[in-house]
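Chemist: Structure below; questions to follow.
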Amino acid sequence: MTVAERATDGMVDVVVVGAGVVGCAIARRLAGDGARVVLVDRAGDVGAGTSKANTAILHTGFDTVPGSLESQLVARGHELLSAYAAEAGIAVDRTGALLVAWDDEQEAALPGLAAKAEANGYTEAVLVDAAEVRRREPHLGPAARAGLLVPGEWAIDPWSVSLAFATEAVAAGAGLRLDTPVTGVVPGGDGLEVCTPDAVIRTRWLVNAAGLGADLVDRMLGRDDFTVVPRRGQLLVFDKAARRLLTHILLPVPTERSKGVLVSPTTWGNVLLGPTAEDLEDRTDTATTADGTADLLAAGRRILPLLVDEEVTAAYAGLRAATGRRDYCIRSHPDLHYVTVGGIRSTGLTASPAIAEHVAGLLAEAGAQWSGDPVATAVPSMPPLGESQLRPMRDPVRIAADPEYGRALCHCEQVSRGEVRDACAAPLPPGGLEGLRRRTRAMNGRCQGFYCGAEVVALLVELTGADPAALTAVPR
Ligand SMILES: Cc1cc2nc3c(=O)[nH]c(=O)nc-3n(C[C@H](O)[C@H](O)[C@H](O)COP(=O)(O)OP(=O)(O)OC[C@H]3O[C@@H](n4cnc5c(N)ncnc54)[C@H](O)[C@@H]3O)c2cc1C
């Protein structure tokens, strides 16, 4: 039983299904408002679904559908998340984006995209000619014609966002149940019963933020509003040596189906190329494929020819929760004491705090009242994972105060034993190597754990008593 459940004699105010970035943001917001919240996820960590595998861009919403809920929430999310990241110490690199036209048709589309940005309330987009494009990005391929500069598109550390939201939610009294799949929901009395293999959680309200599983949870309540079609996005991660090749996030002209293949700096100093857009049936298929890699390299060769000669350190794939609709599927069902947050496809990292604000408003409109008073929690201070931040191994003052920050564990990413120790002592410690990677960057570099993996495992075992056999390295 969690703190939140004890406080209400077994009946909580809200169960949030899904501890991705959206569910964590909602749990944080509602717990802060005074709700007794339980956040439930079938995975063993927060942010372990789509939220861990995206292109990590803090979007402005310049290219969303004007007038849509997504347009509104991405713009608001940009404002909220950039302020939150600054407070929590989450890395944001204000690179700006350059959207590049590669042929006549795309060049002709640029003024329309600039007008669309205006219609979305984004007024800082600027059309630039070929000479300016070349001046800003001299390594672009020869076919680059003209561009649209979008200064507010930034790179963000995606992993720390879910973790910070969840940490704050727990500090505000929310219960967190990991490794807990929701298998059924039964309306009962003045609320609902949420069934899991180990327990039934009684709640007054239910928020469904189950990402790729949101339509399946919807069906548990007799709803049939949308169907999730997983749209896979494969990405290649280039070594830090490639970072010199670009200044901005390099965007393509978007299509109806996706934002297209981009090249982007990451906050940890690498370069991303991707994502693909492949509709699948299997909601778990995050495999990367030879065809996907070939397509990405072909696109990369055209965008930034020198990039494809650089070393690839990793490849990964994320699944967008596409629904065939062009907007988010966020619906309130006051009669069922239920809000569903579906179809958060390509912009959910950015929009997450604004989605939480919107959901809090829907619940208030539906008549929800919380059993506690608002809780003032401090924004957690997240470890500085970004290359632009002062990382512990480069901080002589910190090392002098605590020599463990000077003892290198992962040499590629310059992660110290002190940082791993801190991650294991944090309110939401990692459950394994993958969680540790997201909290510290250990094993995330050029060797991908080949050299440091054994030492990382040994330290994790020493600090947590984990079973070494269970700590087998898993791909991201
Ligand atoms: C390739 C790619 C690139 C992207 N790039 C960007 C970007 O640059 N910027 C941006 O803002 N957004 C981006 N996105 C979108 C963003 O990543 C998503 O919108 C966001 O992560 C969705 O978060 P979520 O919490 O809704 O889903 P998830 O992170 O998938 O979380 C849902 C959770 O629900 C859990 N769950 C499901 N069913 C159940 C159940 N029955 N019981 C218990 N738990 C359950 C899952 O385990 C999961 O942890 C990108 C997405 C992809 C795939």
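Chemist: Tell me, which residue of the stretch 196-234 that is assigned to a strand (DSSP E or B) and near the ligand (Cβ under 10 Å from one of its atoms) is nearest to D13 (Cα to Cα)? Don't jump to the end; show me each part of the working.
Modeler: If we filter the stretch 196-234 for residues that are assigned to a strand (DSSP E or B), which is where we start, we get 200-208, 229-234.
If we keep only those that are near the ligand (Cβ under 10 Å from one of its atoms) too, we end up with 208, 230-234.
Numbers: N208: 14, P230: 31, R231: 34, R232: 35, G233: 36, Q234: 39 Å.
Restricting to residues being assigned to a strand (DSSP E or B) and near the ligand (Cβ under 10 Å from one of its atoms), the top hit is N208.
Chemist: Is it the case that some residue within the stretch 130-147 is in contact with a Ser or Thr (Cβ under 6 Å, 6 or more places away or on another chain), at pLDDT 95 or above, of a type outside the set (A, V, I, L, M, F, W, C) and crowded, with 17+ Cβ neighbours inside 10 Å?
Modeler: Residues of the stretch 130-147 that are in contact with a Ser or Thr (Cβ under 6 Å, 6 or more places away or on another chain), as a first pass: none.
For the stretch 130-147, residues in contact with a Ser or Thr (Cβ under 6 Å, 6 or more places away or on another chain), at pLDDT 95 or above, of a type outside the set (A, V, I, L, M, F, W, C) and crowded, with 17+ Cβ neighbours inside 10 Å: absent.
Chemist: So, in the stretch 283-330, of the ones that are over 26 Å from A209 (Cβ atoms) and of a type in the set (S, T, N, Q), which residue ends up least open to solvent (accessible area, probe 1.4 Å)? Give the derivation first.
Modeler: Here is the first cut: in the stretch 283-330, the ones over 26 Å from A209 (Cβ atoms) are 288-315.
Still in the list and also of a type in the set (S, T, N, Q): 288-289, 293, 313.
On the way: T288: 64, T289: 45, T293: 43, T313: 19 Å².
Across the stretch 283-330, the extreme among qualifying residues is T313.
Chemist: Taking T340, is it in contact with a Gly (Cβ under 9 Å, 6 or more places away or on another chain), modelled with pLDDT of 95 or more and β-branched (V, I, T)?
Modeler: Details: in contact with a Gly (Cβ under 9 Å, 6 or more places away or on another chain): no; modelled with pLDDT of 95 or more: yes; β-branched (V, I, T): yes.
No.
Chemist: Could you say which residue among T340, T347 is open to solvent by less than 50 Å² (accessible area, probe 1.4 Å), within 15 Å of the ligand (Cβ to nearest atom) and over 23 Å from V15 (Cα atoms)? If you could, list the steps in order and put the result at the bottom.
Modeler: Details: T340 fails: over 23 Å from V15 (Cα atoms).
So the residue among T340, T347 that is open to solvent by less than 50 Å² (accessible area, probe 1.4 Å), within 15 Å of the ligand (Cβ to nearest atom) and over 23 Å from V15 (Cα atoms) is T347.
Chemist: Could you check the stretch 122-171 for strands (runs of 3 or more DSSP E) lying wholly inside it with 1 or more residues that are within 16 Å of the ligand (Cβ to nearest atom)? Before you say what the answer is, go through the steps one by one.
Modeler: Working: elements: 126-128, 146-150, 154-156.
The qualifying strands (runs of 3 or more DSSP E) are 146-150, 154-156.
Chemist: State which residue is farthest from the ligand (Cβ to nearest atom) when the search covers only the stretch 16-35 and only residues that are over 16 Å from S371 (Cβ atoms) and of a type in the set (G, A, S).
Modeler: This residue is A25.
Chemist: Hey, could you check the stretch 91-116 for residues that are open to solvent by 10 Å² or more (accessible area, probe 1.4 Å) and among the β-branched types (V, I, T) and say which is farthest from the chain's Cα centre (by Cα)? Show your work before the answer.
Modeler: In the first step, residues of the stretch 91-116 are kept if they are open to solvent by 10 Å² or more (accessible area, probe 1.4 Å); the result is 92-95, 102-109, 111-116.
Checking the rest, the ones that are also among the β-branched types (V, I, T) come to 92, 95.
On the way: V92: 13, T95: 18 Å.
Only one residue fits best here, namely T95.
Chemist: I need the full set of residues from the stretch 222-252 which are farther than 30 Å from M443 by Cα and open to solvent by less than 20 Å² (accessible area, probe 1.4 Å), in order please. Can you show your working first?
Modeler: Taking the stretch 222-252 first, the residues farther than 30 Å from M443 by Cα are 222-229, 252.
Scanning the stretch 222-252 gives F226, V228.
Chemist: Then there is this: Just one of the numbered conditions (1) under 30 Å from Q448 (Cβ atoms); (2) without any contact (Cβ under 8 Å) to a residue 60 or more places away in the chain; (3) open to solvent by 10 Å² or more (accessible area, probe 1.4 Å); (4) more than 10 Å from the ligand (Cβ to nearest atom) is not true of T255; which one?
Modeler: Result: T255 fails condition (1) only.
Chemist: Failed condition for S264, given (1) within 12 Å of the ligand (Cβ to nearest atom); (2) among the small types (G, A, S); (3) under 22 Å from R438 (Cβ atoms); (4) open to solvent by 10 Å² or more (accessible area, probe 1.4 Å), with all others met?
Modeler: S264 satisfies all of (1) within 12 Å of the ligand (Cβ to nearest atom); (2) among the small types (G, A, S); (3) under 22 Å from R438 (Cβ atoms); (4) open to solvent by 10 Å² or more (accessible area, probe 1.4 Å) except (4).
Chemist: It is to be established whether one or more residues within the stretch 75-90 are over 21 Å from T267 (Cβ atoms), surrounded by 20 or more Cβ atoms within 10 Å (Cβ to Cβ) and not basic (K, R).
Modeler: In the first step, residues of the stretch 75-90 are kept if they are over 21 Å from T267 (Cβ atoms); the result is 75-76.
Then keep just the ones that are surrounded by 20 or more Cβ atoms within 10 Å (Cβ to Cβ); that gives 75.
When the remaining residues are screened for being not basic (K, R), the result is 75.
Looking through the stretch 75-90, at least one residue is over 21 Å from T267 (Cβ atoms), surrounded by 20 or more Cβ atoms within 10 Å (Cβ to Cβ) and not basic (K, R).
The values are calculated or read from the model by the stated rules, or taken from the named source; none is laboratory data. This is a predicted model, so every value here is computed, not measured. Note that we place each Cβ from the backbone using ideal geometry, even for glycine, and neighbour counts take in every protein chain shown. These accessible areas exclude ligands, DNA and RNA; they are computed on the full protein's heavy atoms, side chains included. Shrake-Rupley method; radii C 1.70, N 1.55, O 1.52, S 1.80 Å.
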